[in-house]
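Contents: one structure, followed by commentary.
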Ligand SMILES: [Zn+2]
Ligand SMILES: [Zn+2]
């Protein structure tokens with residue numbers, strides 16, 4: 001689970017399943033091969049993970065969990081893509097892209113790449129100026145994004161990091177954990193020194209009266225604790241997500257690795 005504050009101030013997160021923020025980008029060759037070889041989607045790694053701010057339409061690409069590039073949407077749209085606005089005509093990389101929501105929807109019906117509908121959008125990236133061009137398969141015009149200097153533009157806008165969540169897990173516990181929000185008559189977890197500390201019981205299910213998660217964009221921390229509450233070692237967890245059930249109950253779930 002990760003969070004990132006967009007330059008416009010909007011807090012972006014990929015913890016909702018599915019979400020409209022994350023976009024999976026595959027190299028065109030990767031995709032064509034996957035379709036030809038009937039590759040199962042779970043074995044197909046995206047080439048890039050980009051995040052799209054729904055508010056200001058800035059786009060971010062990441063490298064090893066850090067922002068690598070920031071792009072903004074130009075007002076100009078073009079009808080046909082023949083050359084880049086910098087003049088380049090041949091040196092492009094070609095991609096297909098699915099939003100996390102589309103991926104979720106499609107992979108519930110099909111589990112191999114050739115069972116998925118044609119990519120809803122294509123993307124060309126100019127290797128000379130880093131502009132990229134995005135064409136929705138349904139759309140008629142092509143959107144142009146240009147790179148903005150992330151280090152220069154972004155630091156001026158830095159905001160405070162917000163609360164951190166710390167999860168304390170009984171030593172020896174392995175398997176699924178659920179934190180169920182909005183449970184009246186159960187304990188309320190207060191923020192202390194910008195931290196929320198969740199102490200997971202041996203059952204793996206923690207009911208709290210807090211209405212909803214309040215994550216900042218500081219990485220979560222997970223620890224195994226002994227019977228006196230001392231933190232022994234860091235715990236490894238996977239699939240940390242926040243889900244709203246059909247009845248509106250919000251659950252935070254993760255799996256503790258043994
Ligand atoms: Zn934004
Ligand atoms: Zn260019």
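Kindly establish whether residue 71 is touching a strand residue (DSSP E or B) at 6+ places or on another chain (Cβ under 6 Å), assigned to a loop (DSSP other than H, G, I, E, B) and assigned by TED's automatic domain parsing to the domain that holds residue 147.
Details: touching a strand residue (DSSP E or B) at 6+ places or on another chain (Cβ under 6 Å): yes; assigned to a loop (DSSP other than H, G, I, E, B): no; assigned by TED's automatic domain parsing to the domain that holds residue 147: yes.
Spelling it out, it is not the case that residue 71 is touching a strand residue (DSSP E or B) at 6+ places or on another chain (Cβ under 6 Å), assigned to a loop (DSSP other than H, G, I, E, B) and assigned by TED's automatic domain parsing to the domain that holds residue 147.
If we scan the range 77-85, do we find a residue that is more than 12 Å from ligand 2 (Cβ to nearest atom), part of a strand (DSSP E or B) and more than 22 Å from the chain's Cα centre (by Cα)? Steps first, please.
Start the filter on the range 77-85 by keeping residues that are more than 12 Å from ligand 2 (Cβ to nearest atom), which leaves 77-80, 82.
Adding the requirement that they be part of a strand (DSSP E or B) leaves 77-78.
This time we only want the ones that are more than 22 Å from the chain's Cα centre (by Cα), so: 77-78.
Yes, the conditions are met somewhere in the range 77-85.
How many residues are over 17 Å from residue 111 (Cβ atoms), part of a strand (DSSP E or B) and touching a helix residue (DSSP H, G or I) at 6+ places or on another chain (Cβ under 9 Å) when one looks only at the range 17-28?
Summing the residues that are over 17 Å from residue 111 (Cβ atoms), part of a strand (DSSP E or B) and touching a helix residue (DSSP H, G or I) at 6+ places or on another chain (Cβ under 9 Å) in the range 17-28 gives 2.
Conditions tested, residue by residue: (1) out of contact with any strand residue (DSSP E or B) (no Cβ under 9 Å at 6 or more places or on another chain); (2) within 28 Å of residue 250 (Cα to Cα); (3) touching a residue at least 60 places away in the same chain (Cβ under 8 Å).
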residue	(1), (2), (3)
18	no, yes, yes
38	no, no, yes
43	yes, no, no
48	no, no, no
78	no, no, yes
87	yes, no, no
95	no, no, yes
113	no, no, yes
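Select from the range 16-43 the residues that are under 14 Å from residue 99 (Cα atoms) and either modelled with pLDDT under 90 or within 16 Å of ligand 2 (Cβ to nearest atom) (or both) and list them in ascending order.
Filtering the range 16-43 down to residues under 14 Å from residue 99 (Cα atoms) leaves 16-26.
Hits for the range 16-43 are 16, 17, 18, 19, 20.
Output yes when any residue across the range 202-211 is part of a loop (DSSP other than H, G, I, E, B) and without any contact (Cβ under 8 Å) to a residue 12 or more places away in the chain, and no when none is. So that I can check it myself, show each step before the final result.
The initial filter retains those residues of the range 202-211 that are part of a loop (DSSP other than H, G, I, E, B), namely 202-204, 208-211.
Next, only the ones that are without any contact (Cβ under 8 Å) to a residue 12 or more places away in the chain stay: 203.
Yes, the range 202-211 has at least one match.
State all residues of the range 180-198 that are assigned to a strand (DSSP E or B) and under 26 Å from the mean Cα position of the chain (by Cα); if no residue qualifies, say none. First the steps, then the outcome.
The first filter runs over the range 180-198 and keeps only residues assigned to a strand (DSSP E or B), leaving 180, 192, 195-198.
Listed by number, the residues that qualify are 180, 195, 196, 197, 198.
In this structure, does residue 71 turn out to be surrounded by 14 or more Cβ atoms within 10 Å (Cβ to Cβ), more than 16 Å from ligand 1 (Cβ to nearest atom) and at pLDDT 90 or above? Working first, answer last.
Details: surrounded by 14 or more Cβ atoms within 10 Å (Cβ to Cβ): yes; more than 16 Å from ligand 1 (Cβ to nearest atom): no; at pLDDT 90 or above: yes.
In short, no.
A quick yes/no check of all residues on (1) surrounded by fewer than 17 Cβ atoms within 10 Å (Cβ to Cβ); (2) more than 10 Å from ligand 1 (Cβ to nearest atom); (3) not in a loop (DSSP other than H, G, I, E, B):
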site	(1), (2), (3)
8	yes, no, no
12	no, no, yes
30	no, yes, yes
46	no, yes, no
50	no, yes, yes
57	yes, no, no
67	yes, yes, yes
75	yes, yes, yes
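Taking only the range 220-247 into account, find how many residues are surrounded by 13 or more Cβ atoms within 10 Å (Cβ to Cβ) and within 25 Å of the chain's Cα centre (by Cα).
Of the residues in the range 220-247, 11 are surrounded by 13 or more Cβ atoms within 10 Å (Cβ to Cβ) and within 25 Å of the chain's Cα centre (by Cα).
Can you tell me how many residues in the range 45-68 are in contact with a helix residue (DSSP H, G or I) (Cβ under 7 Å, 6 or more places away or on another chain) and modelled with pLDDT of 85 or more?
Narrowing the range 45-68 to residues in contact with a helix residue (DSSP H, G or I) (Cβ under 7 Å, 6 or more places away or on another chain): 47, 67.
Now narrow it down to the ones that are modelled with pLDDT of 85 or more: 47.
Of the residues in that region, 1 qualify.
Residue-by-condition table, conditions (1) part of a loop (DSSP other than H, G, I, E, B); (2) more than 27 Å from residue 16 (Cα to Cα):
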| site | (1), (2) |
| --- | --- |
| 93 | no, yes |
| 97 | no, no |
| 102 | no, no |
| 117 | yes, no |
| 122 | no, no |
| 125 | no, yes |
| 128 | yes, yes |
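The values are calculated or read from the model by the stated rules, or taken from the named source; none is laboratory data. What you are looking at is a predicted structure, and each value in this text was computed from that prediction instead of being measured. In this analysis, Cβ positions are derived from the backbone assuming ideal geometry, glycine residues included, and neighbour counts consider all displayed protein chains.
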